[in-house]
Structure formats: structure tokens, C-alpha cells
Amino acid sequence: MLNRYSQVCACFAQTARLMVGIPDYENYVAHRRKTHPGLPIMTYEEFFRERQQARYAVGKGRFRCCC
Amino acid sequence: MTVLFFSTRRDGKSLADMARAEMGPVAGAIAGVGAPLICVILLAVLGLVVVNALKGSPWGAFTVFCTLPIALLMGVYARFIRPGRIGEMSAIGAALLLVALVYGRTVSVTPALAGFFDLSGPTLAIILIAYGFFASVLPVWLLLAPRDYLSTFLKIGAIVLLAIGVILVRPDLEMPAVTKFVDGTGPVWSGSLFPFLFITIACGAVSGWRSLIASGTTPKMIENESQIRFIGYGGMLMESFVAIMAMIGASVLHPGVYFAMNSSAGVIGAPADHAAQVISSWGFTVTPDMLMQMAQSVGEKSILSRTGGAPTLAVGMASILSSFLGGGAMMGVWRHFIILFEALFILTTVDAGTSALRFMIQDFVGAAIPAFKATESWVNNVIGSALACVLWGYLLYAGVVDPYGGIWTMWPLFGAANQMLAAIVLTLCTVILFKMKRERFAFITIVPSAWLLVCTVTAGLEKVFASDPAVGFLSHAAKLSAAAASGTVLAPAKTLDEMSRIVFNDYLDAGLAALSVAIVLVVVIYAVVDIAKALGSSKSTAIEVGAPVLAAGGV
């Protein structure tokens, strides 16, 4: 029961982060380990900055608006 | 959704790129010019909404200004103090925002402080333009990103809260389903139901913006093609949901109050008793007391002529929310909460839109002066942002100082431009369907695009040429210049100087409307030619990424 509850919470947190354009860090680490073993992995701070820059790189085909 | 699908199959290319590849350089250039054009109009209209919501409202202005330091603080927090902790950062921001919201009441009742935030329309417009410039020049992590986080969470929170409120309170709709104004003589809107009903911003249904986002942005976010259906339909349903709540918000208000808020000052006049008299003469009984009391309960000096939609929604929603959370005493807080939510939302669009517009301008001008294309350069950034702000800022300022038309002359233009972009996109999709040899399904895009074409072209032409001065730009201009020539000053303007400004605005609007109509027609002609060509060819000629078609077809 408790397990399920924390799962739901994690899912919400992931959705909230995705809404502002920051994907899962754990997924990224797992992906780097699996497909690029031996290559450096960004720390969470680097990862966060990199994603934030990428999200707001308007003009490179990215376009957001309200209506 | 079709756009999303096609763009996904083309490596998430933007609309202009797709148009260039599938319909030739001319259509591509038109889509490339159309997008920034609509962007400029959109920014100006949204700016007008904010200005109308905040002018003469110290509480609202104070709260919205407070979001600036709060966003800066959040930006520094997430960058240096605790990098990447979005949850903590947003919680701090939200808490500070609520403090600002509640403290805003104190500001609005303290004359010494209220003076600073009791701003006129033109002042607010200039502040907004300066804000757009700085937000576009400053690094994104400092202002843009934190404010975006805040507005995203606030937006979702407010919408969920409103939905719960509507379900719990089950408010009665006060507005009759059809008023006598359907004949086009209404105070809020002039022009007949057809075609103008169909060029309002039907976001969930048809919108050019959706297609701008669906090409370029969304394709990069989805994992595979099977998600397209869910995202496409889901997005449409969510939008319609918000739209329905907005309509509920407007309809729970007493119709008299609604018209008092949404008729321009040129029509109903300034003092409450005069306005009440005019509105009652339309058949919606309302007393000056009602208007005054409404204004007082939401913490404003006056609710007359607060056009633009945002204030109306705020009052409507505040009356729903306060009836299940906090009662009448909380009405003002709720109202300013909604105003804050709308303003944040729009400001986010203003800064994102300004930087998007800057890139488009750099792209455009860069074709002539290659050095200008380096988007990373700080000098280019400043020049580009300044140009972008001047473009939409000029339209905004013109709309603010024009006392009669204001937002209502821009709105039909915006609606028409938006729907025209949608029509262009649907036409593009039709062409692609034909090129893919999927003529059987082409009706899916042909039917709506034909309807949109009829509506937008009629509306555009009517706005330009209609003989009724309330509808047509040219006849309005002619009427005013005739009056100016004979030395009389007509109702909306107070001086001859203002008259000539309004006339100029009319010509500007007429030019823009005519230009949009011409653009749509050219695209349609191109589309027909392309479809004929595609029908003549025996195999698929569409250009997709990664498909063998590329090798076989190739244009």
C-alpha cells in the first residue's frame, strides 16, 4: 500500500517536472550507463542547466505560446 | 493533429520549412512571413489584455509587479543556492506570491502606496514593452525559466480549483442564451454573427497557433507515432474544457454587470449612474448601486469598461470561488488571484513570444546581412529584441491610446489572422495528403479548411470594405476624416489630433487585414496547382524523413 502511494507520488513529481521541461535524471543516468558505458555522466546540476538551456533555445525550431 | 503527424514524419520541422519543401519557395516564404506577423499581432493583443486588466488597479498592478523580483530570486536560487531544486524553488515562489497577493489589499487602501501602482494605460503599455525587451535580453535562467515554472504550476492549480468550484457551487447562468445583440448592434462586438462568430479565438477547435506548436515543438517531445492521437485529441479536449469554464465565468455574472465591464467607455460613459442608465435601456436592468457594490467587493474603484475579457473572467470566477471558499470577504483576493494567474500566463507568453519573434527577425534580416544571423551574439540579441519590441509595442501603444476601438479593433484582426494561419496549415495538409496518394482521406482537411476560408475571407473583406463604420475600417476612417475636415470632433476622440490618430489606426488595420486575405488566397492557388500536379503523378511525391519515398520521389 505504502509502496503504491510512493509510486503515485513519484509519477506526479515526474509529470510536474516534465511540464516545465526537465526530464527524469535517473532515466538519463540509466540510459548513459546502458548505451554509452565508460563515457562521462553529467551531474544533476549540469543536467539541469543543459536541459533548461535546451528548453528555452527558441528559434531552433522550438516555439511555445499560449493560444 | 494532422500537422503534428506530418511534422513528426519530417524530423520535427517547422511549418515554414514544411511549406517550403512541399509547396515551393513562395508558399514557404508566405508561411515564414505569416508566422511573425501573427506573432506581432498576438503579442500586441495580449499586451492590451494585461493593460486593460491592470490600469487603475493598484492591487493588481502591485501583485503582478511583485512577480518580477520573486522570479529573479527563484532564478538565482535554482542556479546558485540549490541548483536544480525545482520543487523547493516553486514552493518558495508560490508562498511569496500569496504574500504579495494578500499584501496587495493593504497597498490598495494605503493612499501613499497606492499612488505608485495606480497607473494609466499608456504608462502600463510602456512598462510592458520595456519588460518584454529586458526579459528577452536577460539570460533565460534568471527570469524566463523561473517565471515559466511559476506560471505553469499556478495555471494548472487555478484551472483545477475552478473546475472543482464550478462543480461544487453549480452556479446559475444569468446570461440569456441569445441576446438581442445577435443582429450585430451589440456594445461589445459589432458585426453580424456570420462570419465574425467563427473568427473568434476558438482555441480548442481551430487555431493557427496550435499548428505552429504542433510543428516544430511537440514532435520533439513524443516517443512514437502512436502517441500522436492521444496528445492531439487530449490537447483539444483540455483546451475546450478551459474555454467552457471561461464561458461559465462570463455567464454567471449578471448580464448588466457583464455589459458594464465589456462595453467601451465611448459607449456607456464614465459615471456609474450614467452607465447603469444606458445598460438598462438595452433591456438589462441594472442599478448604479449594483455596479458600485460589485466594484467594492472585488477591491476596485470601478468595474466599468474593463474590456479585454480577463477582468470579466476574474470577477466571474471570483464569485464562484468565494461562494465555497472564504465567502464575500475573500472575493477581492480571489479576483486578484485570477488576475495574477492570467497576467503571469500572458507575461510568460510576452517574453517567450518576444524572444521567438527576435529569432524570426534575425532569420529574416540575416538573409540580407549574414552577420546578423549569429543568434548567440549579444549585440544582435539586443538589436533583434529591440526591433521585436518596437513592432508589437507600437501596435499595443496604438491600441491603448485609441479610446474607442482599442482592443476591439485589434481583436478581429487577431482572430482572423489566427484562423487564416489555421486555414493555410490545413491547406498545406491537404496538399501533403494528395501528394501521399491518400486522396480518400483528404476531405478530413478539405472540409474545415474550406469553411475557414469562407469565414476568414468574408470577415477580412468585411473589416476592410463594409459600409457600416462600426465594422469596416475604411468606412470608419472615411467617416472620421470627413468630420475632421469639417472641423467637428466625433464622440470617441476629444481633439482633432486624436481623430487623425484613429484614422491612421484604421488605415493600418485595413492594410493588415487586406494583406492577410491576399496571403491566404495566394496559398490556396498554390495548393490547387500542387494538388493537380500530385494527381497527375502515379506515385507518392511527399517528402518524408527516413522513408524510401525520399529516394524514389524527390521533387
Note to self: Just checking, does region B:115-137 include any residue being modelled with pLDDT under 80, more than 14 Å from chain A (Cβ to nearest Cβ) and more than 29 Å from the chain's Cα centre (by Cα)?
What the structure shows: yes
Checklist line | Members of region B:86-114 found to be more than 14 Å from chain A (Cβ to nearest Cβ) and polar (S, T, N, Q), listed by number | finding: B:THR106, B:SER108, B:THR110
Checklist line | In region A:1-55, the residues that are without any contact (Cβ under 8 Å) to a residue 12 or more places away in the chain and of a type in the set (Phe, Trp, Tyr) | finding: A:TYR5, A:PHE12
Next item on the list: Please name all residue pairs, on different chains or six or more residues apart, with Cβ atoms under 7 Å, provided the first residue is in region B:356-371 and is facing chain A (nearest Cβ under 9 Å) and at negative phi and the second residue is surrounded by 17 or more Cβ atoms within 10 Å (Cβ to Cβ) and of a type in the set (Ser, Thr, Tyr).
Entry: B:ARG358/B:SER136; B:ARG358/B:SER385; B:PHE359/B:THR375; B:GLN362/B:THR375
Next item on the list: Of all residues in region B:394-453, count the ones that are among the charged types (D, E, K, R), modelled with pLDDT of 70 or more and not in a helix (DSSP H, G or I).
Entry: 2
Check: If you take the residues of region B:34-85 that are farther than 21 Å from B:THR349 by Cβ and aliphatic (A, V, I, L, M), which of them is farthest from the other protein chains (Cβ to nearest Cβ)?
Finding: B:LEU73
Note to self: Every residue in region B:101-117 that is surrounded by 19 or more Cβ atoms within 10 Å (Cβ to Cβ) and not hydrophobic (A, V, I, L, M, F, W, C), please.
What the structure shows: B:GLY104, B:SER108
Checklist line | Criterion (exposed (fewer than 15 other Cβ atoms within 10 Å of the Cβ), among the hydrophobic types (A, V, I, L, M, F, W, C) and closer than 30 Å to B:ALA398 by Cα) met by exactly one of B:ALA135, B:ALA125, B:ALA130 | finding: B:ALA130
Notebook entry, point to check: Under the condition of being hydrophobic (A, V, I, L, M, F, W, C), more than 10 Å from chain B (Cβ to nearest Cβ) and loosely packed, with under 14 Cβ neighbours inside 10 Å, which residue from region A:14-40 is farthest from the chain's Cα centre (by Cα)?
Noted result: A:LEU39
Notebook entry, point to check: Do we have B:SER302 as away from chain A (no Cβ under 14 Å), modelled with pLDDT of 65 or more and on the phi < 0 side of the Ramachandran plot here?
Noted result: no
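The values are calculated or read from the model by the stated rules, or taken from the named source; none is laboratory data. Source: prediction; values computed, not measured. Cβ sites come from the backbone with ideal geometry, for glycine too, and all protein chains shown count toward neighbours.
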